[in-house]
Amino acid sequence: MHSLAFDISHTLAGGLVLISLMMLYQDRLYSLLNVFALHALVLSLSVAWQAFIQDAPHLYVTAVIALVFKAIVIPVALHRIVKQLGIHRDIESAVGIGPTMLAGMGLVALSLVLMLRVTSDADPLAREDLAFALSVVLLGLLVMVTRRNAVSQVVGFMSLENGLVLAATGAKGMPLVVEISVAFSILIAFIVIGIFLFRIRERFDSVDVSALDDFRGERR
Amino acid sequence: MVVISDIIVQGVQMLLVLLLAPLLTGYVRKIKARLVRRQGASVFQPYRDLLRLLRKEVVLADNASWLFRVTPYITFAAIWVAAALVPTFATGLLFNWTADLIAIVALLGSARFFLALAGMDVGTSFGGIGSSREVMIAALAEPAMLLIVFCLALVAGSTQLSTVSHFLASSYVGLRVSLGMALVALFMVAIAENARIPVDNPATHLELTMVHEAMILEYSGRHLAMIELGAFLKLLLYVSLIACVFLPWQIALYGSGALSYTIGAAAYIVKLALAGFLLALFETATAKMRVFRVPQFLGAALMLGLLGTLLLFVSRSF
């Protein structure tokens, strides 16, 4: 069964993993935000393709939500935040790019091995989607772990959520209500995080979260 | 009779790559010059350069050892053999049983090994810089290349180039994200290995940036001609590698008639022209990167190769 439908969804989901890895590779905030917008764009394409092949019109709504909020609203808002905070030239990562990329590859391999074992009797399409979604989630976590700047941690969090949406669309029968509520909770989380960003900035004159360690007296 | 025709076709292939290689380089140079609105030298200039170098006297340093003198020939021979193994216009040629991708990588690697040794042989500082940089680039490009080879081998079930090309020309291969990644990674490796612009600038002799040129600075006369021809051949080899694996259309099959061989050769020349144009376009659009950025560039190629290999396990999982 090597159909074109499978190939296209495979390509889109694989592209999503690739863009997650590209996100690890970026060291400028603006380029990170652009890559994130691309991530969301590919996600919405992937969801729309799933809607088409699963014949599930409600997934189109998810695709549109992903496109509007994640690919347009949030990146634009983050751009503005970065501009207002004046941190667009910050190059920040806790771990070097080389080890991070290696860790990312390890995580992708781990999630593929794990998911292919666990879901051995599932539908191939769902199986492959789940494996990719897990690696996108893990890579999002890795972005959050290896970055010191709060804005890029937010981006990692958002890309993690993209992985969740990918997993949800791969598994058939996810109700629309759940999807919309997840999307909106992410939006709310984004607003809260945005407010927090300005609070952190006000207090410490920087959005480097290591300043928080200093404040708690946990500096090594 | 079959053996004789096989030998003839293989001989034509070897001569074809040898004759076309300077033309390809000249063509890329011409397109690059035209793209920045300059006249540029004729596309046949590399041939004239080679002839001029062949006529000139060889100047050797006093302390040059035998290694320095034999290296140009070893390098050229290794690259020529590797180029003869890549199917250019036809698959299933006489030498095909040896046309293993890993063997080609090994041939190119040994050619580079000798060149790096020769760079250090005379003991000038530039040669040392060039060799150390070249080895640094090679140490990163080779694993990336091997991962691409593994990726292709997993798709096609063989590291035999002829079989790979054959398989990819068939309709069994759908849209595969792994192959796309392998293509991009192979392109990056090809740029690094051929010392093209983002990694190294072949047209400069500025000590801060040169890699390949620094190694061969001490060579002159026919030795330099051999090395230059080897470099031209290497560019052609990578272009035909990409063409035969990723654009295998109209490539002639084993034992088909003279007509299909002719069509294959014409298609091959069209592919070369297209690839040369794209290479020139890419090179005029990018700037040379710092030497310390090269590991990141090649790391990305390594990552793409590895990811492509990993993704293959998912797509074959049903």
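The values are calculated or read from the model by the stated rules, or taken from the named source; none is laboratory data. Remember, it's a predicted structure, so these values are computed and weren't measured experimentally. With ideal geometry, Cβ positions are generated from the backbone for all residues, glycine too; neighbour counts draw on all protein chains shown.
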* To do: Scan the stretch B:34-41 and give yes if some residue there is out of contact with any Ser or Thr (no Cβ under 7 Å at 6 or more places or on another chain) and over 30 Å from residue B:285 (Cβ atoms), otherwise no.
  => no
* Asked: Within the stretch B:84-100, is even one residue charged (D, E, K, R) and in a strand (DSSP E or B)?
  -> yes
* To do: Could you tell me whether the stretch B:167-174 includes any residue that is away from chain A (no Cβ under 14 Å), part of a helix (DSSP H, G or I) and either within 20 Å of residue B:87 (Cα to Cα) or modelled with pLDDT under 85 (or both)?
  => yes
* Asked: Do we find that residue B:117 is touching an Asp or Glu at 6+ places or on another chain (Cβ under 8 Å), in a helix (DSSP H, G or I) and either on the phi < 0 side of the Ramachandran plot or of a type in the set (Phe, Trp, Tyr) (or both) in this structure?
  -> no
* Would a scan of the stretch B:305-312 turn up a residue that is within 9 Å of another protein chain (Cβ to nearest Cβ), more than 24 Å from residue B:36 (Cβ to Cβ), free of Cβ contacts under 8 Å to residues at least 12 places away in the same chain and not β-branched (Val, Ile, Thr)? -> yes
* To do: For the stretch A:185-207, state whether one or more residues are in contact with a strand residue (DSSP E or B) (Cβ under 9 Å, 6 or more places away or on another chain), within 30 Å of residue A:18 (Cα to Cα) and not in a helix (DSSP H, G or I).
  => yes
* Asked: Restricted to the stretch B:43-85, and to residues that are of a type in the set (Phe, Trp, Tyr) and free of Cβ contacts under 8 Å to residues at least 40 places away in the same chain, which residue is surrounded by the fewest Cβ atoms within 10 Å (Cβ to Cβ)?
  -> B:66
* Out of the stretch B:234-253, which residues are of a type in the set (A, V, I, L, M) and farther than 17 Å from residue B:103 by Cα? -> B:235, B:236, B:239, B:243, B:247, B:251, B:252, B:253
* Select from the stretch B:267-304 the residues that are more than 10 Å from chain A (Cβ to nearest Cβ) and within 19 Å of residue A:102 (Cα to Cα) and write down the one among them that is surrounded by the fewest Cβ atoms within 10 Å (Cβ to Cβ). => B:292
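Quick grid of which residues meet (1) under 19 Å from residue B:307 (Cβ atoms); (2) within 14 Å of chain B (Cβ to nearest Cβ); (3) of a type in the set (S, T, N, Q):
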position	(1), (2), (3)
A:8	yes, yes, no
A:22	yes, yes, no
A:40	no, no, no
A:47	no, no, no
A:62	no, no, yes
A:72	no, no, no
* Matching residues in the stretch B:33-79 - criterion: being in a helix (DSSP H, G or I), in contact with a His (Cβ under 9 Å, 6 or more places away or on another chain), more than 20 Å from residue B:22 (Cα to Cα) and of a type outside the set (Phe, Trp, Tyr) -> B:69, B:71
* To do: Just give me the residues in the stretch B:1-39 being over 21 Å from residue B:225 (Cα atoms), out of contact with any Asp or Glu (no Cβ under 7 Å at 6 or more places or on another chain) and surrounded by 12 or more Cβ atoms within 10 Å (Cβ to Cβ), in sequence order.
  => B:5, B:6, B:7, B:9, B:10, B:11, B:12, B:13, B:31, B:33, B:34, B:35
* Quickly run through the stretch B:244-255 and pick out the residues that are surrounded by fewer than 17 Cβ atoms within 10 Å (Cβ to Cβ) and free of Cβ contacts under 8 Å to residues at least 60 places away in the same chain. => B:250
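Here's the yes/no breakdown for (1) more than 14 Å from chain B (Cβ to nearest Cβ); (2) modelled with pLDDT of 85 or more:
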residue: A:65; (1), (2): yes, no
residue: A:96; (1), (2): no, no
residue: A:109; (1), (2): no, yes
residue: A:117; (1), (2): no, no
residue: A:134; (1), (2): no, yes
residue: A:151; (1), (2): yes, no
residue: A:181; (1), (2): yes, no
* Asked: What helices (runs of 4 or more DSSP H), lying completely within the stretch A:1-107, carry at least 3 residues that are under 24 Å from residue A:131 (Cβ atoms)?
  -> A:4-25, A:29-54, A:58-65
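Every residue, every condition in (1) in contact with a helix residue (DSSP H, G or I) (Cβ under 7 Å, 6 or more places away or on another chain); (2) among the basic types (Lys, Arg); (3) within 14 Å of another protein chain (Cβ to nearest Cβ), yes or no:
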| residue | (1), (2), (3) |
| --- | --- |
| B:152 | yes, no, no |
| B:161 | yes, no, no |
| B:179 | yes, no, yes |
| B:186 | yes, no, no |
| B:192 | yes, no, no |
| B:209 | no, no, no |
| B:212 | yes, no, no |
| B:223 | yes, no, no |
| B:228 | yes, no, no |
